[in-house]
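A quick write-up on the structure given underneath.
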């Protein structure tokens with residue numbers, strides 16, 4: 001018993017309702033509908049990853065610019081909030097609130113290192129947002145997603161390192177100041193960890209889409225008896 005591939009006329013007469021299957025069978029079994037679906041999935045992944053990274057970038061900017069990285073009492077009549085770029089004093093008696101840029105980094109190496117690490121992390125996330133948007137609008141069929149994952153994980157490592165340095169050393173920045181880590185520090189750290197988790201989840205989603213078995217259209221066959 002032998003099999004043969006039907007010619008174009010036989011194939012059209014057998015299944016005239018689906019021209020995409022006909023063209024796929026005549027081209028040697030290329031799964032054109034599945035390829036289009038895969039490209040659409042890639043575009044959606046790039047799009048939603050870009051939206052997610054952009055939202056987390058905005059959250060990280062809020063945390064980075066906040067003075068509330070460490071808050072506590074400064075003397076007997078003032079409370080203070082200290083961040084990477086600013087600090088704020090709160091007068092207990094008069095209820096006054098004043099903020100100013102915080103320039104401790106020029107004298108303290110660990111503070112400058114923490115600030116540089118966190119700023120680099122925010123810049124890198126913004127770069128990945130632009131790259132993801134570019135790939136979606138210009139090259140949505142691109143299959144290489146690894147560098148976005150690696151870049152975001154590296155960015156999260158930088159930001160987390162800066163947060164750890166600040167948490168470990170910030171109690172010694174002023175002799176008369178002691179306090180607890182505040183919401184600005186927590187917001188920035190959370191945004192970094194969520195960014196890494198986001199791209200890793202989307203990466204494995206993309207890999208799962210690729211590993212699904214593809215059903216190829218099978219051309220009709222006819223038995224030939226000798």
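List of remarks:
- When region 37-56 is filtered for residues that are more than 9 Å from the chain's Cα centre (by Cα) and modelled with pLDDT of 85 or more, only 55 remains.
- From 208, 219, 196, residue being more than 30 Å from residue 80 (Cβ to Cβ), modelled with pLDDT of 60 or more and crowded, with 17+ Cβ neighbours inside 10 Å: 196
- Any strands (runs of 3 or more DSSP E) falling wholly within region 67-156 and containing at least 1 residues that are modelled with pLDDT of 80 or more: 70-74, 78-82, 86-91
The values are calculated or read from the model by the stated rules, or taken from the named source; none is laboratory data. This one's a predicted model, so the numbers in the text were calculated from it and none came from an experiment. Cβ coordinates were reconstructed from backbone atoms using ideal geometry, including for glycine residues, and neighbour counts include every protein chain displayed.
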